[in-house]
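Asks: Take this structure first; my questions come after.
The values are calculated or read from the model by the stated rules, or taken from the named source; none is laboratory data. Computed from a predicted model, the values in this text were never measured in an experiment. Here Cβ is always computed from backbone atoms with ideal geometry, including for glycine, and neighbour counts include all displayed protein chains. These area figures cover heavy atoms from the full protein model, side chains too; ligands, DNA and RNA do not enter into them. Shrake-Rupley method; radii C 1.70, N 1.55, O 1.52, S 1.80 Å.
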Amino acid sequence: MKYHLIILGFLAAMLLGQNPDEYIINGKAKMHTAVEHWNEQEMMSARAHFERGMNFGEKEWLFRYYIAYCNDQLVHYYQSKGDKKTAVKYLNDGIKHLNEVIKLNKEFADGYGLLSSMYGEKMGIQPWTGIIYGSRSSTLIRKAIQLEPENPRLYMIQGTSAMFTPEKWGGSNEEAKRLYLEAVELFKTDNPSPLMPDYGKSDIYAWLGQLELKMGHPDEAKMYYNKALEIDPNNNWVKKQLLPRIK
Amino acid sequence: MDKMKYLISLFLTIIFAMGQHPISVTGVIKDEMGNGLAYVNVYFMDTLEGAMSNKNGHFLIRTHTQGKRVLRISHIGFMEKDEILIVDTSSIHMNIVLEKSYMEMDPISVSAGSFTMADEEGQTLTSLDVVTTAGAAADIFRAVQTFPGVNQVDEGAGMYVRGGDVSETTVILDQATISHPYKYESDTGGYFGMIDPFLLSGTYFSTGGFSAKYGNILSGVMAMESLDMPSRSSITIGAGLAAISAGGSWVLKPDKLAIQFSGNYSNTTYLFKLNGGEERFDQVPTSWDGNVSTIWKYSPFGQIKFFHYSNVDEIGVNTESPTYNGLMLNDNHTQLSNMQLRHLTQNGIMIKSSLSKNQFGQGLTLGNIDKELDDHLLKWRTDISIPMENKMTWNAGFILDELKTSLSATFPKDPNDFSPEAETEHFNVDYESMHYGIYLENEYQWSQKIFMTAGIRTDILDQPKQQVWDPRLSLNYRLSDSQFLKIATGIYHQYPKAQYRDVWVGNPDLMAMSANHYILGYEYKSDLTDFKAELYKKDYSQLLLDDETVNYSNDGEGYAYGADFFLKGTLPFISGWISYSYLQSKRKELDHLELVATDYDINHNITAALKTQFNTLNNAGLTYRYTTGKPYTPALNEWNSERLPAMQRLDLSYSRLIPIGTDGLLVLYLSVSNLLDKTNVYGYFYSPDYSERTELKSTHGRNIYFGFNLNL
């Protein structure tokens, strides 16, 4: 019997090709490249990779998280192309996956964080939905920070929320900057396991740059964008979209 | 050595198999219009083999694995599809058409006449909605009264659903029936609902056409689910002008074992001192209630929940009537204990079973009326839901309950004469009965556009022995992404209350009362808007009618018809809902020996419940209600021939949220109810010859209430 199990295990490994951890790490690399290339087909391919990964029958929460993460990148992509309708489809699907993620793993701070961020994006597309999603988004990010107070991505999300929320609804550029700078500090010591989300090291400067631009400081914005490119020279979001906007 | 040979040969077999030429699975994926679909994920469910379609919808997968296999085709915006393939040595070509998918949280499975409430997106009313609805006094029953199809006949929380009496709506918590669901219980229901909205995780409310799961009820269902496993320990304390409360949850083992508890003490002395009206009470309304629940998750797929609730309330009102000026004293006590098991088997079968005991006691005195009631309801209910292939689900269940009622009462022979010297009659009722119910129901999604629920139930009563059969059907048809047409119909039965079945003062041969429901509805639902319009008709038969020889007969009859409209939406800076109900309800029932308008026949009822946020931390709400007058009887045998004046009421509320730390929240609130200080008349007390009358009016004029709630 023992031998049968060994053979079956071997057979499964042969058929599936790799273990889920390796598979997730490959998927992350795939998505990273796709975002660098800002290529729809590659992003879709990375999303499909994680969707197939659900066949492992384990770590469902993490596979769902990465599906949602791919969706989030696709939302940015479609918004940049002016295709709001498709963006909303991917946003809704991402929210659906993340609601499952936080049911499956109640301690996964990045799950709450990304969900908060996606609700924020929903408000960005349809501002009047703030009355519904505003408090939900802030509750989620508070919960995430309570779980992992040292996670820099969460402060980046909270900072972005503070930047885009109108002042009368509690938004503040100063608060956004404070949160972004806190994230910058935390990124210096951020060293998550290769399986876990690790995005943001370069993006945090992209956000700081956007904030400076919003506050009317183009030189500082340019400085931060360049800083982002120092960390990730292939950051096409900064290179092809943000930097060219500064005259 | 033999084992080693076996291993080597098996290994070589696998290697050989892997070395075979791969088999090609190719195909083209199109939408219903015949256009090729790009970036569709196509993959086998037993391996990681898969591909993504190209811009024209073509795909190619090379696989080494033969046999019967499932190929999944998945693409956002389209229905996921599984194709079963027999993969052998020859290549396979497929033409696949994907159907457009509709919103995930669509209401296709929510039948006509129903609302669902939970703290989830897409639900009609969340706990926060209940608490922030002005005038609802954080009471779920009062919040539901703002829905169409529910008439408010006085200032209480009684639910009169689509021309049905308050006793024709059943209230269920975790499968257990709450036989007396109101605080300060009265003939029209009670002043508040028994269960705090913060003890609930979700509520289903139906104004008719409900499924075969619910029996022994004629008009409406409110089925609530108590809170699930808390994610963290917490403490809540609150205090207001008339109440103090404390509660908390204690997680003993995360996601395994937790205890939740709460307690409230309410005393309205200071409320009436501030707002006036204290002189109307000899004993101001006072209540105690407490709740404790334990949840044990014995596996990821099963849990046992124990829920216990106790309530004691009393009130002493100075009453004025043409025959009696004096005190009406009412005290009630309720106990509900429920043990519920929920288990999900590996093949997706959900089993829910609950054993509950509900005890209610009431003492009431008013003039010559003296009533002592004691009700015991022991109930075992089990529901099983079996998902099948092809989007079909079978639901089945049974209910077994034992009711013991003990009623000792003295009533005036003339129902309008409460004077101590009036002639009275006394009776004692000791009644016991067993009720059995069983149902079978099929939910089937015929296509993306049609969802059907068909079921049948039978209920058996042992005293007097009788059996009724209730077939039910609901059909939902999707007109477009966001528009639905709904039809529901069915037969509904309800056994008369114990006192009507008593040998001496009732009729032990009474049969179940009956109603046929017919509902036609339309719904438009999007992310931010929900609009419902429904037309309905209910035909009643076998209603109870006063009878000189046998006390009561089943010769009563009646009907109700009407239209309900509900619009919930969100605009910049304002959200809320508006509901309008039109109703015509007539019955020949009890002492109304002809077909006349019912006591609760309120023809027009409009409610607007609006909320706004000044920013995320400051909320304000407004609720306005207008209802046309309900009927009353101005003279002997002229049953319900006149109508009371129309009633209107405006309530305001304001709350400020103050976050404390990372997870704590302090809520400060202020409400002004009946802002316009309207004194509404809800009825008259008449003298026996109808020559004199006094008004039964609002107990509250303009009323201010404030308090806080702290959650840590």
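Asks: Would you mind listing the strands (runs of 3 or more DSSP E) fully within the range B:503-572 where at least 2 residues are within 14 Å of chain A (Cβ to nearest Cβ)?
Replies: B:529-547, B:551-571
Asks: Follow-up question, since we're still on this one. Restricting attention to the range A:190-206, does a residue exist that is more than 29 Å from residue A:134 (Cα to Cα) and among the hydrophobic types (A, V, I, L, M, F, W, C)?
Replies: The answer is yes, given that some residue of the range A:190-206 is more than 29 Å from residue A:134 (Cα to Cα) and among the hydrophobic types (A, V, I, L, M, F, W, C).
Asks: Further question on the same structure: Return only the number of the condition from (1) farther than 23 Å from residue A:155 by Cα; (2) more than 22 Å from the chain's Cα centre (by Cα) that residue A:222 does not satisfy.
Replies: In the conditions (1) farther than 23 Å from residue A:155 by Cα; (2) more than 22 Å from the chain's Cα centre (by Cα), residue A:222 misses (1) alone.
Asks: All but one of (1) modelled with pLDDT of 90 or more; (2) open to solvent by less than 50 Å² (accessible area, probe 1.4 Å); (3) more than 9 Å from every other protein chain (Cβ to nearest Cβ) hold for residue A:137, so report the exception by its number.
Replies: All conditions are met except number (1).
Asks: Can you tell me which residue among B:412, B:496, B:464 is touching a helix residue (DSSP H, G or I) at 6+ places or on another chain (Cβ under 9 Å) and without any contact (Cβ under 8 Å) to a residue 60 or more places away in the chain?
Replies: Being touching a helix residue (DSSP H, G or I) at 6+ places or on another chain (Cβ under 9 Å) and without any contact (Cβ under 8 Å) to a residue 60 or more places away in the chain holds for just one of B:412, B:496, B:464, which is B:464.
Asks: Now, a different point. Taking the range A:189-224 on its own, how many of its residues are open to solvent by 60 Å² or more (accessible area, probe 1.4 Å) and under 25 Å from residue A:66 (Cβ atoms)?
Replies: 5
Asks: Answer yes or no as to whether residue B:38 is farther than 20 Å from residue B:100 by Cα and modelled with pLDDT of 90 or more.
Replies: Taking the combined requirement at face value, the residue does not satisfy it.
Asks: List every residue pair whose Cβ atoms lie under 7 Å apart, where the two residues are 6 or more positions apart in sequence or sit on different chains, the first residue falls within the range B:426-445 and is more than 30 Å from residue B:407 (Cα to Cα), and the second residue, located anywhere, is open to solvent by 80 Å² or more (accessible area, probe 1.4 Å).
Replies: B:442/B:394; B:444/B:391; B:445/B:391
Asks: Open to solvent by 50 Å² or more (accessible area, probe 1.4 Å), touching a strand residue (DSSP E or B) at 6+ places or on another chain (Cβ under 7 Å) and in contact (Cβ under 8 Å) with a residue 12 or more places away in the chain: does that describe residue B:475?
Replies: Spelling it out, residue B:475 is indeed open to solvent by 50 Å² or more (accessible area, probe 1.4 Å), touching a strand residue (DSSP E or B) at 6+ places or on another chain (Cβ under 7 Å) and in contact (Cβ under 8 Å) with a residue 12 or more places away in the chain.
Asks: Closer than 14 Å to residue A:121 by Cα, facing chain B (nearest Cβ under 10 Å) and either of a type in the set (Val, Ile, Thr) or in contact with a strand residue (DSSP E or B) (Cβ under 9 Å, 6 or more places away or on another chain) (or both) - does that describe any residue in the range A:88-97?
Replies: Yes - at least one qualifying residue is present in the range A:88-97.
Asks: Taking the conditions exactly as written (under 30 Å from residue B:709 (Cβ atoms) and not assigned by TED's automatic domain parsing to the domain that holds residue B:294), does residue B:161 satisfy them or not?
Replies: So residue B:161 fails the test.
Asks: Hey, can you tell me all the residues within the range B:334-349 that are buried (at least 19 other Cβ atoms within 10 Å of the Cβ) and within 19 Å of residue B:287 (Cβ to Cβ)?
Replies: Result: B:334, B:336.
Asks: Can you tell me which condition residue B:706 does not meet? The list is (1) part of a strand (DSSP E or B); (2) open to solvent by less than 70 Å² (accessible area, probe 1.4 Å), and all the others hold.
Replies: (2)
Asks: Moving on to the next point. For residue B:699, indicate whether it is outside any loop (DSSP other than H, G, I, E, B), touching a Gly at 6+ places or on another chain (Cβ under 7 Å), closer than 29 Å to residue B:240 by Cβ and more than 14 Å from chain A (Cβ to nearest Cβ).
Replies: no
Asks: OK, next. Does at least one position in the range A:158-176 carry a residue that is among the basic types (Lys, Arg) and either open to solvent by less than 20 Å² (accessible area, probe 1.4 Å) or more than 14 Å from chain B (Cβ to nearest Cβ) (or both)?
Replies: There is no residue in the range A:158-176 that is among the basic types (Lys, Arg) and either open to solvent by less than 20 Å² (accessible area, probe 1.4 Å) or more than 14 Å from chain B (Cβ to nearest Cβ) (or both).
Asks: In the range B:564-576, which residue that is open to solvent by 70 Å² or more (accessible area, probe 1.4 Å) and without any contact (Cβ under 8 Å) to a residue 60 or more places away in the chain is nearest to residue B:483 (Cα to Cα)?
Replies: Filtering the range B:564-576 for residues that are open to solvent by 70 Å² or more (accessible area, probe 1.4 Å) and without any contact (Cβ under 8 Å) to a residue 60 or more places away in the chain, the one nearest to residue B:483 (Cα to Cα) comes out as B:567.
Asks: Right, next: If residue B:419 meets every condition in (1) open to solvent by less than 20 Å² (accessible area, probe 1.4 Å); (2) farther than 14 Å from residue B:369 by Cα apart from one, which number is that one?
Replies: Every condition holds for residue B:419 apart from (2).
Asks: Would you check which residues across the range B:577-587 are in contact (Cβ under 8 Å) with a residue 40 or more places away in the chain and more than 19 Å from residue B:537 (Cα to Cα) and list them?
Replies: B:577, the sole residue that qualifies.
Asks: Taking the range B:47-69 as the search range and keeping residues that are within 7 Å of another protein chain (Cβ to nearest Cβ) and under 46 Å from the mean Cα position of the chain (by Cα), which one is least open to solvent (accessible area, probe 1.4 Å)?
Replies: Looking at residues that are within 7 Å of another protein chain (Cβ to nearest Cβ) and under 46 Å from the mean Cα position of the chain (by Cα), I get B:47.
Asks: State whether the residues of the range B:254-271 include one that is surrounded by fewer than 18 Cβ atoms within 10 Å (Cβ to Cβ), away from chain A (no Cβ under 14 Å) and not in a strand (DSSP E or B).
Replies: Yes, there is a match, as at least one residue in the range B:254-271 is surrounded by fewer than 18 Cβ atoms within 10 Å (Cβ to Cβ), away from chain A (no Cβ under 14 Å) and not in a strand (DSSP E or B).
Asks: So for the range B:622-631 (the condition being aromatic (Phe, Trp, Tyr), open to solvent by 30 Å² or more (accessible area, probe 1.4 Å) and more than 14 Å from chain A (Cβ to nearest Cβ)), does at least one residue qualify?
Replies: yes
Asks: State all residues of the range B:34-46 that are facing chain A (nearest Cβ under 9 Å), open to solvent by less than 40 Å² (accessible area, probe 1.4 Å) and assigned to a loop (DSSP other than H, G, I, E, B); if no residue qualifies, say none.
Replies: Hits for the range B:34-46 are B:38, B:39, B:40.
Asks: So, of the residues in the range A:21-44 that are crowded, with 16+ Cβ neighbours inside 10 Å, assigned to a helix (DSSP H, G or I) and modelled with pLDDT under 90, which turns out to be farthest from the other protein chains (Cβ to nearest Cβ)?
Replies: Ranking the candidates gives A:36 first.
Asks: Do you know which residues across the range B:632-670 are of a type in the set (Ser, Thr, Tyr), in a strand (DSSP E or B) and either within 20 Å of residue B:148 (Cβ to Cβ) or away from chain A (no Cβ under 14 Å) (or both)?
Replies: Within the range B:632-670, B:632, B:653, B:654, B:669 qualify.
Asks: Something else: Tell me yes or no: at least one residue of the range B:633-646 is of a type in the set (D, E, K, R) and crowded, with 22+ Cβ neighbours inside 10 Å.
Replies: no
Asks: Those residues that are modelled with pLDDT of 80 or more, within 13 Å of chain A (Cβ to nearest Cβ), assigned to a loop (DSSP other than H, G, I, E, B) and in contact with an Asp or Glu (Cβ under 7 Å, 6 or more places away or on another chain), I need them from the range B:74-127; list them, please.
Replies: B:76
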